[in-house]
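The structure appears right after this line, and notes come after that.
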Amino acid sequence: MDMSKVQKNVSATDILMNDTGYIKLYRTCMAEEENKAKFKDFPFHVRIKTSITQFLISFLLNVIRIHNTTINPESTVRVVYQYTSCLLIIILFWAITYMPSVFNLDRGIFLLTMIIEYIQMIEIILKFHICFYDESGSYISDYRSVSLSYMTRKVGYIYDVICSFPYAFTILHLMNQVSPATFLPIIVYVRTFHLLRILTVLVFMHKEEQSIITNLLAIRIIKYLVHAILFVHCTAVLFLLFALHGGFNSWVVNTEVFYLPDIYTYSVYWTLATYTTTGYGDIRAVTYRELLFSVLIMILSKMQVSYNMGLLSSTQTNKQSLQVAYEEKLQAVQNYMMDENIPSALQNRVIRFYNYRWTRTKGIDSEELFKDTPHCMKVEIFSRISVNLLKKNQLFTHLSETFLRHLATKMLLKSYTSGEYINRRGDSGRGMLLILIGKVKLCSWRTGKEAIEYLTTGAALGVDLLLKSKLCRYTAIADNYVDIFFLSKEHFEEVGSYYPDVMNKLLKRASNVINMY
């Protein structure tokens, strides 16, 4: 018999039996087949009961899975929802302040505001599922963390409930029982808190300006229009109030218009003429109070128009040089992928990576950033970040502080977006991965189908690859946005050459570490 064939068969069998992934899959398949065989022998009512139970369990698991689903802040769904929400908030702000100003409780407008209020209540539920970047730039996508953050934020759940609760519903029964003159003041007071929601629009516009993948000029134009609409409307309402308090001794005498909605229209017209520096002069202030108000509006409108027009004109010319360079690099990457007919799905993944890198580090390479600093200073900076994480691993626990500080300067920071492969089973091991931020999923299969373990901040992967060259035994996938420190075997040996005593001590314990991994 050919001994080489026997050895090959034996080695293949040993590999199969030593692979816990294959054994687990085999046992699962055999257990399923055994259960199916037993199930056929059960009485009919037992089979019905079991089937219903399995259906309910499966249904509940699917409900939980759907409930725990989170929304990527860069997805199209989130963008459409957010801009639609901003539009509804502006409409609600206008309607709530318009109806009491003209003393006209229009049923159509009132019904629209009620619908928007209920939509905003539904929006609160949706916000429990929207991922976000925290203050350090880390991407938070776990449902528990996302929902807990929304509950505890200052401008979060409590703020949204106060600003979105349909207060008008509590007094809706009074609409047909009291006169409009009585009902209007009541509905104004109970819905005042809805006006605070306009702040979320301004905050959203500010955050959109910080994103690298949005069109900055388009965002600033939209922001300018929002500011203009709010300014014109609020000024028109105030100018209308002067007419109500002044009566015939006010600016409405020259217009000969006394119907309040028409007076509001003329107020908007006067504000726009002043805001755009046109000023036809057909509407003029009469009282001293109106004259002072007109002067104030002229000054404020000139300041706002000048500032916004200057901001728009300088958008493309006066950007920060770092952002311009990063956008040019991103544009070059996009052009290359389009020229090479790279699939759109892969293009989106690349763009998400660059957007995350900008959000996390503003595109700065830490190695290049501290390239010119003295060696001792560089050691001090990098040791502050990674030495404490190294000490948590058994291989480095009892090593000298000097060795670990030197080792920290050789560790490279790498970023991975959600779902990206860090390494695959069977790839050549290049070195150790130390998780700085995020969560990594380990799988026994090369395709990453089944997770056997999750590693979080501070965990190390591939420690044994620093001591011995071999293939990766697991597939590692970024479960969310992940930052890791990578230490190659070559850099580890380079640092070790300066510390022979430390390396001898380390190698004595290496066998235990290899057995662990």
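Every number in this text was worked out from the coordinates using simple rules, so none of it is lab data. Computed from a predicted model, the values in this text were never measured in an experiment. Because the Cβ atoms are built from the backbone with ideal geometry, glycine has one as well, and the counts that use them run over all protein chains shown.
Pop out the Kirkwood hydrodynamic radius of segment 58-214 from its pairwise C-alpha distances, inverse of mean 1/r, in Å to one decimal. Don't skip to the end; give the middle numbers.
Values: mean 1/r = 0.0572 Å⁻¹.
Final number for the Kirkwood radius of segment 58-214 is 17.5 Å.
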Report the calculated FRET efficiency for Ala332 and Asn104 (r = Cβ-Cβ distance, R0 = 56 Å), to the nearest 0.05. 0.50
Estimated FRET transfer efficiency (Asn348, Thr456; beta-carbon r; R0 25 Å; 0.05): 0.40
Between Lys391 and Lys302, how many nm apart are label points set 7 Å from Cα along the C-beta direction? 6.3
Charge tally for neighbours of Ile297 with beta carbon under 14 Å away, counting Lys, Arg as +1 and Asp, Glu as -1, is +2
Spin-label model distance (nm) - Leu172 vs Thr50, 7 Å beyond Cα toward Cβ: 5.1
Whole-Hz Karplus couplings 3J(HN,Hα) for segment 215-229, θ = phi - 60° and coefficients 6.51, -1.76, 1.60, Gly and Pro as x, run 7, 4, 5, 5, 4, 6, 5, 4, 4, 5, 5, 4, 4, 5, 4
Give a residue-ordered list of calculated ³J(HN,Hα) values for segment 461-478 (Karplus: 6.51 cos²θ - 1.76 cosθ + 1.60, θ = phi - 60°; whole Hz; x for Gly, Pro). 10, x, 4, 5, 6, 6, 9, 8, 7, 7, 7, 5, 8, 9, 9, 10, 10, 6
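All other residues with a Cβ under 13 Å from the Cβ of Met121 taken together, and with Lys, Arg as +1 and Asp, Glu as -1, what is their net charge?
Details: positive: Lys127, Arg197; negative: Glu117, Glu123, Asp160.
Result for the neighbourhood of Met121: -1.
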Subtract the Cα-Cα distance of Tyr81 and Leu195 from 0.36 nm times their separation in residues, and report this length gain in nm to one decimal. 39.0 nm
Computed from the beta carbon distance with a Förster radius of 30 Å, FRET efficiency for Glu340 and Thr214 to the nearest 0.05 stands at 0.75
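List Ile48, Ile119 from most exposed to least, where exposure is judged by having the fewest other Cβ atoms within 10 Å.
Working: Ile48 11, Ile119 14.
With the fewest neighbours first, Ile48, Ile119 line up as Ile48, Ile119.
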Rg to Rh quotient for segment 407-482, alpha carbon positions, Kirkwood Rh: 0.94
Per-residue HN-Hα couplings for segment 428-437, Karplus 6.51 cos²θ - 1.76 cosθ + 1.60 at θ = phi - 60°, whole Hz, x for Gly and Pro? 5, x, 9, x, 9, 10, 10, 6, 8, 9
Working out 0.36 nm times the residue gap between Ala273 and Ser469, then minus their Cα-Cα distance, what length gain in nm do you get to one decimal? 62.9 nm
One would report the Cα pair-distance distribution of segment 367-516, bin width 10 Å, in %, as 11, 41, 34, 13, 1
Once all Cα-Cα distances of segment 215-312 are split into 10 Å bins that start at 0, what whole-number percent is in each one? 15, 47, 25, 11, 2
With each label point set 7 Å from Cα along the Cα-Cβ vector, what nm distance links Leu61 and Ser488? 4.4
